[in-house]
Amino acid sequence: MKPLLSRAAAVATASLVALLAATPAWALDDGEAPHDSTFTTLDVLLIFVGIPLLATLVIVLLVYAPHSASRPRYRPGRPYDGDPLWFDGPSRPERALESGAATTEDVRGGGASASW
């Protein structure tokens, strides 16, 4: 529930910032500015609201797309479906597997202090 609330707060904040950035576009003209170009309210909203919202959407997609495309994670208590890996194993794993025991030249240390 908390991640959903924080995401909703982020979207609301981004929307508010986009609307606040667009408020100068709604200011009344006091007659000093030349009227060479005519922007409709829709044009102004698309420029000052649509572009920031589109940029926000692109950033959100770039952040969340790799997570949604990743493989399912391992959860404790469930069977592990991944391929077996031998971290920091002997230099010649085939020989160690055939003999059934590792020699002292194959063992390079281990554990948290790498001393056993």
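What follows draws every value from the coordinates through simple rules; no lab data is involved. No experiment lies behind these values; they were computed from the predicted model shown.
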Segment Ala12-Tyr74, extension gain: residue separation times 0.36 nm, minus the distance between their alpha carbons | 19.0 nm
Stretch Asp88-Val58 to full length: gain in nm at 0.36 nm per residue minus the Cα-Cα span?
-> 6.7 nm
Got a sec to turn the phi values of the range 53-60 into Karplus ³J(HN,Hα) couplings, 6.51 cos²θ - 1.76 cosθ + 1.60 with θ = phi - 60°, whole Hz, x for Gly and Pro?
-> 5, 5, 5, 4, 5, 5, 5, 4
